[in-house]
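These notes are about the structure you will find just below.
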Amino acid sequence: MEGGIRDVTPPECGSIYKRTPATSWPFKGENYNAFHPPTYFFAAGLGGQTISELTGVDFVTGARLVSAGFVALGVAGLFLAIRAWRVNRLAAFSGALLALTTPAVAASSAIVHNDAITLLAGDAAVWVGARIFARYKLGWGVPAFLAFIVSSFRVVSLGAMLAVAGVVLLACFMPKVFGLLADDRQDLSRIFGATVGAAAVPYLFWNQFQAVRTPPGYIPAIDGLSTIKLKDSALHYVVPTLIDAYGLTDPRTDFYMQPGLKSGATFAWAGILYIFYIVLLIVSVVCMWKAVDRRGLILSTAISPFVTALVVQVREIMTTSGYFDVVSGRYAMSTVALHCALAAVLCNGKRAKWLFVFAVAGCVFMSVGVAMAKVP
């Protein structure tokens, strides 16, 4: 955490080992993300401690290495998930590499935060989509299990998986559009219900557990920083925010990298990716809609930022009677995997080399950008 927030500056990094009071941090040191189940934090805590004991590095570095490991698995997993769409190796590799050059994904590999599992969450959605729409395997157990696991780590990262579930629901009413049969409707409805239900269980259980521990009348210290109370503004102001997350890497808002790592090059690459991800949706519909087995991926990707923003806003309205004035593209990070898978499918074949060149260019931009940045 860098810089002052509401005129409160975090303690120096070294001072945290001197038992600095939590109240000396911004927002009184409160964990305003307590609604997230603790699975990631257990892994990062135990892993960080183990790495520290084995290597002698400090605990925070050990915990960061755990995050780096999650992101590395996410990149490898995305390669395999893209391959499930019957894509050649170069296209799949290029799509996975492109995901790593997305600023928010790269940044998550160096911080102790459950953002680190978001690419893996997106991988699950890409693979489940291939299982249903490309290979026509309609069992509900695997999608439900993966949704449960994602929700157990980070609720907001369910955006990509719920987008796939949304397209499955659409397929219940129009199975022929996706190359499915009318007799498949029952299986599709089971997939949708089981996925949404499994996603809700960890969140509802942990949220209730935290609610019991919450003092009566408690108001979080962060209240009002990024949100607006509904009583102060009509509900119709929420609707335009549902397209905010399409700016996955919009440099005008928050493409999410640590301030010390930002520079002209990283801003430039964020802008290029912002345009690329939006144009990708349009080009994919025009060029691939006739391919029935690709429609599930196209629609899942197209609605995924909207679904993510909807989940974020509905949760905020239900729990705090407020809403986010702007839904950061960072909340839609899991949809990066869907976007990169769509790019790989679109460029499959001879065009794969151009996607590879684009992904490598992203690596260059990000590396130069970090080298140019004024790290404190």
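The values are calculated or read from the model by the stated rules, or taken from the named source; none is laboratory data. This is a predicted model, so every value here is computed, not measured. Here the Cβ positions follow ideal geometry from the backbone for every residue, glycine too, while neighbour counts run over all protein chains shown. Side chains included, ligands, DNA and RNA excluded: accessible areas come from the protein's heavy atoms. Shrake-Rupley method; radii C 1.70, N 1.55, O 1.52, S 1.80 Å.
Counting alpha carbon pairs within less than 8 Å and at least 6 residues apart, what relative contact order, in whole percent, applies to the chain?
On the way: 617 pairs, mean separation 90.3, N = 376.
Reported relative contact order: 24 percent.
Using a 1.4 angstrom probe on the protein heavy atoms only, could you order Phe324, Phe93, Phe42 from most to least accessible area? Don't skip to the end; give the middle numbers.
On the way: Phe324 30, Phe93 105, Phe42 140 Å².
These residues rank, largest area first, as Phe42, Phe93, Phe324.
Which of the listed residues, Ile278, Phe356, Leu120, is farthest toward the dipole's positive end in the chain, when Lys, Arg count +1 and Asp, Glu count -1 at the beta-carbon?
Farthest towards the positive end: Phe356.
With charges only on Cβ, +1 for K and R and -1 for D and E, what is the dipole size of segment 188-272 about its Cα centre, in debye, rounded to 20? Intermediate values should be presented prior to the final figure.
Numbers: 6 positive and 5 negative charges, 39 e Å.
Around 180 debye, computed over segment 188-272.
Within segment 87-118, name every residue whose backbone N is under 18 Å away from a label modeled 7 Å from Cα of Lys350 along the Cβ vector.
Output list for this probe position: 88-91.
If you line up the long axis of helix 185-213 against the longest principal axis of the chain, both from Cα atoms, how many degrees apart are they, to the nearest 10?
With both axes taken from Cα atoms, the answer is about 10 degrees.
Would you kindly derive the ³J(HN,Hα) couplings of segment 71-76 from the backbone phi angles with the Karplus curve 6.51 cos²θ - 1.76 cosθ + 1.60 (θ = phi - 60°), listing them in order in whole Hz, with x for Gly and Pro?
Computed from phi, the couplings for segment 71-76 are 5, 4, 5, x, 5, 5 Hz.
Across the Cα atoms of segment 226-374, what radius of gyration and what greatest pairwise Cα-Cα distance (Dmax) are found, in Å?
17.4, 55
Put +1 on the Cβ of every Lys and Arg and -1 on every Asp and Glu Cβ in the chain; which of Phe205, Pro38, Pro143 then has its Cα farthest towards the positive end of the dipole?
Going by the charge dipole, the pick is Pro143.
How far is the Cα center of segment 177-218 from the Cα center of segment 295-337, in Å?
16
Which value, in Å to one decimal place, does the Kirkwood hydrodynamic radius take for segment 94-188 when every pair of different Cα atoms is included? If you can, show how the numbers build up before the last one.
Numbers: mean 1/r = 0.0694 Å⁻¹.
When all Cα pairs of segment 94-188 are included, the Kirkwood radius is 14.4 Å.
Please list the non-local residues whose amide H lies under 5 Å from the amide H of Gly322, H modeled 1.01 Å from N, same-chain partners needing a gap of 5 or more.
Leu230, Ile317
So what's the Cα pair-distance distribution over segment 191-290, bin width 10 Å, in %?
Whole-percent P(r) values from 0 Å outward: 11, 20, 31, 29, 9, 1.
May I ask you to evaluate 6.51 cos²θ - 1.76 cosθ + 1.60, the Karplus curve with θ = phi - 60°, for each residue of segment 156-164 and list the ³J(HN,Hα) values in order in whole Hz, giving x for glycine and proline?
Residue by residue, segment 156-164 yields 5, 6, 6, x, 5, 5, 5, 5, 4 Hz.
Please build a GNM for the chain, connecting alpha carbons under 10 Å apart, and tell me which residue among Ser24, Ser109, Ser334 fluctuates the most.
Ser24
Compare Gly129, Gly95, Gly62 in a GNM of the chain, Cα atoms joined below 10 Å, and give the one with the largest fluctuation.
It is Gly62.
Over the chain, with the other protein chains present, what is the accessible area per residue in square angstrom, probe 1.4 angstrom?
Values: 18020 Å² over 376 residues.
Here the per-residue accessible area is 48 Å².
How compact and how long is segment 14-144, expressed as Rg and Dmax of its alpha-carbon atoms in Å?
Every Cα atom of segment 14-144 included, Rg and Dmax give 18.2, 57 Å.
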